[in-house]
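The values are calculated or read from the model by the stated rules, or taken from the named source; none is laboratory data. Since the model is a prediction, treat every value here as computed from it, not as a measurement. All Cβ positions, glycine included, derive from the backbone under ideal geometry; neighbour counts span all protein chains shown.
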């Protein structure tokens, strides 16, 4: 009950307090924040297939995992790769195969519906290369009808076109072990056949030789001839170097790159090279992989990755925006944990930047080979917002600023993991149908860098100005910005506008004005913003979708800098207040994070808390006059 004569708390202020307290309550005793990173059922399906391949499956793991896969089947019989999305052919094939492993009969209703979706989508023959690789492992697809993956690629020097460092870090970590698997062409038969998923129609004809895709298909045919009779000394040298490359990059938790796909393929590669399952490297890998499993409610599901550094940095920035003091225990303990996670060794990024002093932060608990610019920029903002050991914070910030500046690409932008990783020809190779395979500069990462540099007092630095100019050039014709790592144009625009304004671009600048107009045009009738992930492939979905807490907040973060008194801001804040749960959180079943545009999407379970709190906090400071 309010005290007599007390000033009533506005709905927005009350929502801010509840959201702040909720997020504070999610911090772990160690000082970090971490919530589940949800993807799609190919993670669970491939985990069961790996266990079958290695001969380490057990009935209870299979039962619990299959229960999760069944629970995610859509009413039409397929499995989507994001909430509310259409059925995905390859995901459905992999889920169906995993359920067959679990003993589900082909004549069960849910299996008949799944098989119908596969048949309608073109069958196994129309699936992605990676799905057919999994099937080839079990004799359900001929190795001869897969693109060649010669391990000799590991021997190409870093200056040679299409060497492994021309691929993005996530792609090279996957390609190297897969070349080992493909060189062995194993077949470990399943106790059943998948004939019901075949159409008998093989893939379409080859593209013409006048295109790069056609030329690479011709090269693929030549490589297949080589695969039949490889030069034995060269092949053995390549396999040894692949093994050494893989082992050098194994992390302390037993994994590779902190993500599931290269982890799985590296285990298989080492196993095929003769490493026994009780070898220390494989034992650590198999045991560590289990740390990505979530067992609750009678089911077992699998995280493709874990995001404690990203979650912690965003939480601290959100709490800063909510008015939490620098010396608050949560901020101080968060800073201590982040400082302890700084990476001080060289990773693959040093191939292009060998003289650069190591620093930076990775997304995960353990991923020293692949710190990234996006996380590092956000960590710097978080450390600036925190108290604690000022000397340790400052030293880490100075090293990290130097490292991120050194990772700037030649064109002025920033990519996530590497500098100047822009050889687009990589994507034309026949086996590269699993999403983005290079890491060029992106608007969202560049925006986060510009925002950080501006807050560090470097807005006039020539490198920051080059980044600002890059970002202005990257604006879409309709006024938005593309979101590489978040969905999608709402995310890109929500990052770009505040960064440009902090870097000295006036709110009246034509680029900002066009962005504001785009956001206002795409505000939903209910006052929120949403964007369906189909916008990555279908332009009619750009800026369109069910309102979500994180996407509404992204739009508000831009508008609060560019047009804070607008009606759109008032309606967006009202949506956040109305949709808040009593405990201070928001519901958000939608996926608003991006792994590979068009192929792999993420539901960050903390996005629905981080970003609305940022928006409410900045609104309180700039509009409501509470800061």
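Output yes when any residue across segment 400-407 is crowded, with 17+ Cβ neighbours inside 10 Å, touching a residue at least 40 places away in the same chain (Cβ under 8 Å) and assigned to a loop (DSSP other than H, G, I, E, B), and no when none is.
Checked against the condition, which is being crowded, with 17+ Cβ neighbours inside 10 Å, touching a residue at least 40 places away in the same chain (Cβ under 8 Å) and assigned to a loop (DSSP other than H, G, I, E, B), segment 400-407 yields at least one hit.
For segment 288-328, enumerate the residues that are buried (at least 21 other Cβ atoms within 10 Å of the Cβ) and in contact with a strand residue (DSSP E or B) (Cβ under 7 Å, 6 or more places away or on another chain).
Within segment 288-328, 292, 300, 301, 302, 305, 306, 307, 309 qualify.
Enumerate the pairs (first residue in segment 214-233 and closer than 14 Å to residue 145 by Cα; second residue anywhere and at pLDDT 75 or above and crowded, with 16+ Cβ neighbours inside 10 Å) with beta-carbon separation below 6 Å, excluding pairs fewer than 6 apart on the same chain, so at least 6 apart or on different chains.
220/147; 220/148; 223/148; 223/150; 224/148; 227/148
Quick check on segment 80-90. Is at least one of its residues in a helix (DSSP H, G or I) and touching a helix residue (DSSP H, G or I) at 6+ places or on another chain (Cβ under 7 Å)?
So the first thing to find is which residues in segment 80-90 are in a helix (DSSP H, G or I), and the list is 89-90.
Add one more test, that the residue is touching a helix residue (DSSP H, G or I) at 6+ places or on another chain (Cβ under 7 Å), and what stays is 89-90.
Within segment 80-90 (the criterion being in a helix (DSSP H, G or I) and touching a helix residue (DSSP H, G or I) at 6+ places or on another chain (Cβ under 7 Å)), the answer is yes, since at least one residue qualifies.
Within segment 481-510, can you find the residues that are closer than 21 Å to residue 535 by Cβ and more than 21 Å from the chain's Cα centre (by Cα)? Steps first, answer last, please.
So the first thing to find is which residues in segment 481-510 are closer than 21 Å to residue 535 by Cβ, and the list is 481-497.
497, the sole residue that qualifies.
Can you pull out the residues in segment 56-67 that are touching a residue at least 40 places away in the same chain (Cβ under 8 Å) and over 27 Å from the mean Cα position of the chain (by Cα)?
First, the residues of segment 56-67 that are touching a residue at least 40 places away in the same chain (Cβ under 8 Å): 56-57, 61-62, 64-65, 67.
Once the filter is applied, which keeps residues that are touching a residue at least 40 places away in the same chain (Cβ under 8 Å) and over 27 Å from the mean Cα position of the chain (by Cα), segment 56-67 yields 56, 57.
Specify which of the listed residues (542, 521) is over 21 Å from residue 620 (Cβ atoms), free of Cβ contacts under 8 Å to residues at least 60 places away in the same chain and surrounded by fewer than 22 Cβ atoms within 10 Å (Cβ to Cβ).
Details: 542 fails: free of Cβ contacts under 8 Å to residues at least 60 places away in the same chain.
Result: 521 is the single residue among 542, 521 that is over 21 Å from residue 620 (Cβ atoms), free of Cβ contacts under 8 Å to residues at least 60 places away in the same chain and surrounded by fewer than 22 Cβ atoms within 10 Å (Cβ to Cβ).
From the residues in segment 349-382 that are part of a helix (DSSP H, G or I) and free of Cβ contacts under 8 Å to residues at least 60 places away in the same chain, which one is farthest from residue 496 (Cα to Cα)? It would help to see each step written out before you state the result.
To start, the set of residues in segment 349-382 that are part of a helix (DSSP H, G or I) comprises 349-351, 373-382.
Now narrow it down to the ones that are free of Cβ contacts under 8 Å to residues at least 60 places away in the same chain: 350, 376.
Working: 350: 28, 376: 17 Å.
Going through the qualifying residues, I end up with 350.
Counting just the residues of segment 159-171 that are within 26 Å of the chain's Cα centre (by Cα) and assigned to a loop (DSSP other than H, G, I, E, B), which one comes out surrounded by the most Cβ atoms within 10 Å (Cβ to Cβ)? Working first, answer last.
The initial filter retains those residues of segment 159-171 that are within 26 Å of the chain's Cα centre (by Cα), namely 162-171.
From what is left, the residues that are assigned to a loop (DSSP other than H, G, I, E, B) are 162-163, 167-168.
Details: 162: 16, 163: 17, 167: 25, 168: 22.
Result: 167.
Identify all residues within segment 565-574 that are touching a helix residue (DSSP H, G or I) at 6+ places or on another chain (Cβ under 6 Å) and closer than 14 Å to residue 12 by Cβ; write none if there are none.
569, 572, 573
Just give me the residues in segment 107-124 being more than 27 Å from the chain's Cα centre (by Cα), surrounded by 17 or more Cβ atoms within 10 Å (Cβ to Cβ) and over 13 Å from residue 77 (Cβ atoms), in sequence order.
123
Could you please find all residues in segment 91-133 being at positive phi and part of a helix (DSSP H, G or I)?
At the first step, the residues of segment 91-133 found to be at positive phi are 103, 122-123.
Scanning segment 91-133 gives no hits.
Report whether or not residue 386 is crowded, with 20+ Cβ neighbours inside 10 Å, within 26 Å of residue 168 (Cβ to Cβ) and more than 17 Å from the chain's Cα centre (by Cα).
Values: crowded, with 20+ Cβ neighbours inside 10 Å: yes; within 26 Å of residue 168 (Cβ to Cβ): no; more than 17 Å from the chain's Cα centre (by Cα): yes.
Spelling it out, it is not the case that residue 386 is crowded, with 20+ Cβ neighbours inside 10 Å, within 26 Å of residue 168 (Cβ to Cβ) and more than 17 Å from the chain's Cα centre (by Cα).
Which members of segment 245-255 meet the condition of being surrounded by fewer than 20 Cβ atoms within 10 Å (Cβ to Cβ) and either touching a residue at least 12 places away in the same chain (Cβ under 8 Å) or in contact with a helix residue (DSSP H, G or I) (Cβ under 9 Å, 6 or more places away or on another chain) (or both)? Lay out the reasoning, then the answer.
Here is the first cut: in segment 245-255, the ones surrounded by fewer than 20 Cβ atoms within 10 Å (Cβ to Cβ) are 245, 247-248, 252.
If the condition is that a residue be surrounded by fewer than 20 Cβ atoms within 10 Å (Cβ to Cβ) and either touching a residue at least 12 places away in the same chain (Cβ under 8 Å) or in contact with a helix residue (DSSP H, G or I) (Cβ under 9 Å, 6 or more places away or on another chain) (or both), then 245, 247, 252 are the ones that fit.
Need pairs with beta-carbon distance below 8 Å; first residue free of Cβ contacts under 8 Å to residues at least 24 places away in the same chain and within segment 27-55, second part of a helix (DSSP H, G or I); sequence gap 6+ or separate chains.
The qualifying pairs are 51/61; 51/62.
Every residue in segment 524-537 that is more than 22 Å from the chain's Cα centre (by Cα) and surrounded by 22 or more Cβ atoms within 10 Å (Cβ to Cβ), please.
Initial filter on segment 524-537 (more than 22 Å from the chain's Cα centre (by Cα)): 524-528.
Passing the criteria: only 528.
Residues being in contact with a helix residue (DSSP H, G or I) (Cβ under 7 Å, 6 or more places away or on another chain) and closer than 17 Å to residue 258 by Cβ: count how many of those fall in segment 338-347. I'd like the intermediate steps shown before the answer.
Residues of segment 338-347 in contact with a helix residue (DSSP H, G or I) (Cβ under 7 Å, 6 or more places away or on another chain): 338-339, 341-342.
Narrowing the set further to residues that are closer than 17 Å to residue 258 by Cβ leaves 338, 341-342.
Residues flagged as in contact with a helix residue (DSSP H, G or I) (Cβ under 7 Å, 6 or more places away or on another chain) and closer than 17 Å to residue 258 by Cβ within segment 338-347 amount to 3.
I'd like the full set of residues that are surrounded by fewer than 23 Cβ atoms within 10 Å (Cβ to Cβ) and either under 19 Å from residue 525 (Cβ atoms) or touching a helix residue (DSSP H, G or I) at 6+ places or on another chain (Cβ under 6 Å) (or both), limited to segment 589-613.
597, 598
Grab the helices (runs of 4 or more DSSP H) fully contained in segment 234-348, keeping just those with 3 or more residues being within 30 Å of residue 24 (Cβ to Cβ) and outside the structural domain of residue 157 (by TED's automatic domain parsing).
Details: elements: 260-272, 280-289, 308-321, 329-340.
Filter on segment 234-348 gives 308-321, 329-340.
Which of (1) without any contact (Cβ under 8 Å) to a residue 24 or more places away in the chain; (2) in contact with a strand residue (DSSP E or B) (Cβ under 9 Å, 6 or more places away or on another chain) is the odd one out, the single condition residue 477 does not satisfy?
Evaluating residue 477 over (1) without any contact (Cβ under 8 Å) to a residue 24 or more places away in the chain; (2) in contact with a strand residue (DSSP E or B) (Cβ under 9 Å, 6 or more places away or on another chain) leaves (2) as the failure.
How about segment 438-459: which of its residues are farther than 20 Å from residue 362 by Cβ, part of a loop (DSSP other than H, G, I, E, B) and in contact (Cβ under 8 Å) with a residue 60 or more places away in the chain?
456, the sole residue that qualifies.
Pull out all pairs, ordered by first then second residue, where Cβ-Cβ is under 6 Å, the residues are six or more apart or on different chains, the first lies in segment 256-279 and is within 19 Å of residue 130 (Cα to Cα), and the second is part of a strand (DSSP E or B).
259/305
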